[in-house]
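Asker: Mind having a look at this structure? Questions to follow.
The values are calculated or read from the model by the stated rules, or taken from the named source; none is laboratory data. Computed from a predicted structure; not experimentally measured. Heads up, the Cβs are rebuilt from the backbone with ideal geometry, glycines too, and the neighbour counts pull from every protein chain shown. The area values use the complete protein model at the heavy-atom level, side chains included, leaving out ligands, DNA and RNA. Shrake-Rupley method; radii C 1.70, N 1.55, O 1.52, S 1.80 Å.
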Amino acid sequence: MPYTTQNILYRFDDALSRLVVDYEASRQITPESMRLYQGAAIQEYDEDLFFRHNVKRGLRNSDGSGVVAGLTRIADVHGYVREGGRVIPDEGRLSLRGYDIEDIITTTREEDRFGYEEVAYLLLTGALPNEIELKDFLDRIGANRHISEGYLTQFPTSTLSTSIMNVLARAVLLLYAFDADPDDTSPEHEMDIAVSLLARLPRIAAIAHASASAHQEGRRAVIPSSDASLSTAETILQVLREDGCFTHEEAMLLDVMLMLHAEHGGGNNSTFACRVLSSSATDAYSTYAAAIGSLKGPRHGGANAKVVDMHRDIRDHVTNWEDEDELAAYLEKILRREAFDGSGLIYGMGHAVYTLSDPRAQLCKRYAKHLAETKGLGAEFGLIERIERLAPVVMRDVRNMNKPICANIDLYTGFIYFMLGIPEALFTPLFAVARMAGWSAHRMEELFGAHRIIRPAYNPVLEERTYIPLTERPLVFPTDDNVERAEDSGTGECEQASNTEGSNRERAQANNTDTIGEHAAANDVHDNSADDRTDHDHLF
């Protein structure tokens, strides 16, 4: 049988199935593997250790704000002001290179033109382009939309995955092999790579989904040729809509989403990952693949899909969407872990930085309303608005919270993508596609501006132990039965192996001489999909 692309796909799929079976068989937990799966690697630390050693978990201060790790001229995320040590809530503002994101989006919409490419140019160069510069930038992106035949002969076999984010990371790493000098970190080459990925990543993401869908349905994917005249938003819709039909309003709304996701400050997890790798002077492809891997994590990316699930659940269980008492009662059940996914979280509400408002959520709401009415989804849109209005009140009553709670961008993002016919599997990949502009800017700022590898410190909390030759180690395993037998025989060896971490912890606390002093309790605040969110905010 000839090795056509279609045959390779099926052969790869069969091999993948066998690998999954073999992997499942190899990870059966036996007494011999007990320590491997249940040993020190997964043991938690006592909360008191973090306070005694003044460790700021997640590089966060006790009030949830991030530990300052560097300087940036790229973006600013503003949600509160500090006066006399107090945090005073303020209206949210997102600035890119000093320009308010609302001004950028409002103006480009008024001029009826796509703005994501202009935002990318601004982030990369630090300046707004004039007409000639913008046309040159658009021409460069258009010229790079094409994906070579050599790449495509290898790329389809890598699209078979449960995650398009995984596909994107491998696709970026594969591009390394098609670069004549991939380890060149000169400013010119770095800019060439950034332009190349800004151009190609949207098509790669859309092609990955189209190929996977076609494979699952046993048909050949229909991929249109690249069109250098299309904007990034139009390029994505062109591939996703096999008939090539989409409206100008749909493309303009997707363009707004790309602008809102293009950059959100240097403190979010994926951007920090990008800067960490860049500080080591590794190649751009490894750096951007790592950023994609970070964004893939459920504590950072993907919360918009969870919001869609929550909205679907609310629609199914609230009979009258306009009855605010019924809706508030169901939101209370969600908070009390009596409804939806049992997490006790109202997804899409709350943020670690924004307090009174998330400007991105407000812009989403402004531009999504008309399309919702056009598509006959006004009732669904009204339901989301009521969730935004009622959720803070219910959260304060149930959780006794007194800090401001606002909707974040994810409350509306999933609904907007749903209206645009974008499958949930692409929600987070499109986030990555848009964020490529911000990652590129931060990589170059770190690579050419900081000139120092990022190397944080960790406080060791362990004790010295004497190495035991392999033949002299006890042939018992840390199970409950073995512990009992060891105790009965008087050896105590297995008990020592099982409880080493606990005794180490106690001795480390008792003998510690480096304690800086008492430290205020740190909030366990997670970095999540819309970049930074508090613990009540759509973690999954």
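Asker: If you average 1/r over all unlike Cα pairs in the stretch 251-295 and invert the result, what Kirkwood radius do you get in angstrom? Provide the component values of the computation, followed by the final result.
Answerer: On the way: mean 1/r = 0.0877 Å⁻¹.
By the Kirkwood definition, the hydrodynamic radius is 11.4 Å.
Asker: Per residue and in Å³, how big is the convex hull formed by the alpha-carbon atoms of the stretch 86-176?
Answerer: It comes to 195 Å³ per residue, whole-number rounded.
Asker: How many angstrom separate the Cα center of the stretch 75-90 from the Cα center of the stretch 210-246?
Answerer: Using only Cα atoms to place each centre, the spacing works out to 44 Å.
Asker: Compare T466, T72, T232 by solvent-accessible area with a 1.4 Å probe and give them largest first, with all protein chains kept in place.
Answerer: Final ranking, largest accessible area leading: T466, T72, T232.
Asker: Still on this structure, please answer the following. How long are the three semi-axes of the equivalent ellipsoid for the stretch 154-221, computed from the Cα gyration tensor as the root of 5 times each eigenvalue, in whole Å, largest first?
Answerer: 27, 11, 9
Asker: Can I ask one more? Can you send over the solvent-accessible area of S280, 1.4 Å probe, protein chains only, in Å² to the nearest 10?
Answerer: Accessible area of S280: about 60 Å².
Asker: What ranking of D192, D46 comes out by heavy-atom accessible area, probe 1.4 Å, highest first?
Answerer: Greatest to least solvent exposure: D192, D46.
Asker: Right, here's the next one. In what sequence, highest mean first, do 206-214, 449-457, 141-149 appear when ranked by Cβ atoms within 10 angstrom?
Answerer: Ranked from most to least packed, the peptides come out as 206-214, 141-149, 449-457.
Asker: Going from most exposed to least, what order do C245, C274 have by accessible area with a 1.4 Å probe?
Answerer: Result of the area sort, largest leading: C245, C274.
Asker: Under the classification rounded if a/c is under 1.5, otherwise prolate if a/b is larger than b/c and oblate if not, where does the stretch 180-311 fall, given a ≥ b ≥ c as square roots of the Cα gyration tensor eigenvalues?
Answerer: prolate
Asker: Next question. Report the convex hull volume per residue for the stretch 300-366, counting only C-alpha atoms, in Å³.
Answerer: 118
Asker: Here's a follow-up. What distance in nm separates the two pseudo spin-label positions at R337 and L59, each 7 Å out from Cα along the beta-carbon direction?
Answerer: 3.2
Asker: Next question, about the same structure. Please tell me which of these pairs span more than 29 angstrom C-alpha to C-alpha: K56/K365; K135/K375; K365/K403; K306/K375?
Answerer: K56/K365; K135/K375, as the Cα separations exceed 29 Å there.
Asker: A further question follows. Tell me, what are the semi-axes, in whole angstrom and largest first, of the equivalent ellipsoid of the stretch 321-408 as set by the roots of 5 times the Cα gyration tensor eigenvalues?
Answerer: Semi-axes from the Cα gyration tensor: 23, 17, 10 Å.
Asker: Here is a follow-up. Count the net charge of all other residues whose Cβ sits under 15 Å from the Cβ of L447, scoring Lys and Arg as +1 and Asp and Glu as -1.
Answerer: That works out to -4.
Asker: What is the stretch 260-415 by shape, rounded, prolate or oblate, if you read a ≥ b ≥ c off the alpha carbon gyration tensor as root eigenvalues and call it rounded for a/c under 1.5, prolate for a/b larger than b/c, and oblate otherwise? Could the numbers behind the result be given before it?
Answerer: Working: a/c = 2.25, a/b = 1.79, b/c = 1.26.
Note, shape of the stretch 260-415 comes out prolate.
Asker: Here is a follow-up. Taking the alpha carbon gyration tensor of the stretch 56-139, what are the square roots of 5 times its eigenvalues, largest first, to the nearest whole Å?
Answerer: That gives 33, 16, 9 Å for the three semi-axes.
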